[in-house]
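A.B. asks: One structure is given below, represented as structure tokens, and several questions about it will come after.
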Amino acid sequence: MTTRRTLLLAIAACCVSPASAQYALPTPYAAVPSSRPISETDQSREMLNQYGYCIMMQHLGGVQRALALPDDGAIDRALSKLQTDDCLFAGQLRMSPALLRGAIYRAMYLREFGYLSQATRATVVPANGQPGEELDSAPSTTFGGCVAKLSPDATRDLVTADAATPFEDKALAALRPALADCLPPKQQVRLTRWGLQATLAEALYKRTLALTNRAKAVGTK
């Protein structure tokens, strides 16, 4: 159980601060303030997801090499080198390494698995932790891995949801039983929405990638 890491994700801060520089909009995925009437925190969450997607689109090879590194510290250092103001329409975006990593894992999930239909996902990802599907590269021993195993559909819904939407609220409500089951007994952990999404995005991407690769390997035999 990576409780310490979960706590760090829960309290990590991310905010948008004004700046005089204006940046060109290089792609439709650059981080721009939402036109919806949402809080500053939710604005930041939405812009962070857009920023992560833009970094992934502009530096796909670098992102793939970074995510293949052996530990979180090495991954975070490699991803920090890919940050660019070109992915901001205006202003500055500050974030913890863990939240940036989560936003990029979310972007990678959307790129590689966002198109999968529910029927296709059901043939690849076992529902509700069915036995026999565990892999070393998709463990359920971490907090995020446990939640993704117990509630794969709701995990996907939360990871892919836009900030401050009814879809996000519904996904979070559906996840509450799994969140409670995956925390150590009698231990209370404060989970913010963006910390939780970052944690689950990483777990969901790793798990889906491993299970998809296994399904392909089985299909070739």
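The values are calculated or read from the model by the stated rules, or taken from the named source; none is laboratory data. Keep in mind the model is a prediction, meaning the values are calculated, not measured. Virtual Cβ from ideal backbone geometry, glycine too; neighbours counted across all protein chains shown.
A.B. asks: Among the residues of the range 1-10, is there at least one that is within 30 Å of L183 (Cβ to Cβ) and either modelled with pLDDT of 65 or more or of a type in the set (D, E, K, R) (or both)?
C.D. replies: Yes, the conditions are met somewhere in the range 1-10.
A.B. asks: Hey, any hits in the range 203-213 for a residue that's over 18 Å from Y115 (Cα atoms), hydroxyl-bearing (S, T, Y) and in contact (Cβ under 8 Å) with a residue 40 or more places away in the chain?
C.D. replies: Checked against the condition, which is being over 18 Å from Y115 (Cα atoms), hydroxyl-bearing (S, T, Y) and in contact (Cβ under 8 Å) with a residue 40 or more places away in the chain, the range 203-213 yields no hits at all.
A.B. asks: Residues D76, D86, D42, D72: which one is over 15 Å from the mean Cα position of the chain (by Cα), among the acidic types (D, E) and closer than 23 Å to T199 by Cβ?
C.D. replies: Sole residue among the options that is over 15 Å from the mean Cα position of the chain (by Cα), among the acidic types (D, E) and closer than 23 Å to T199 by Cβ: D42.
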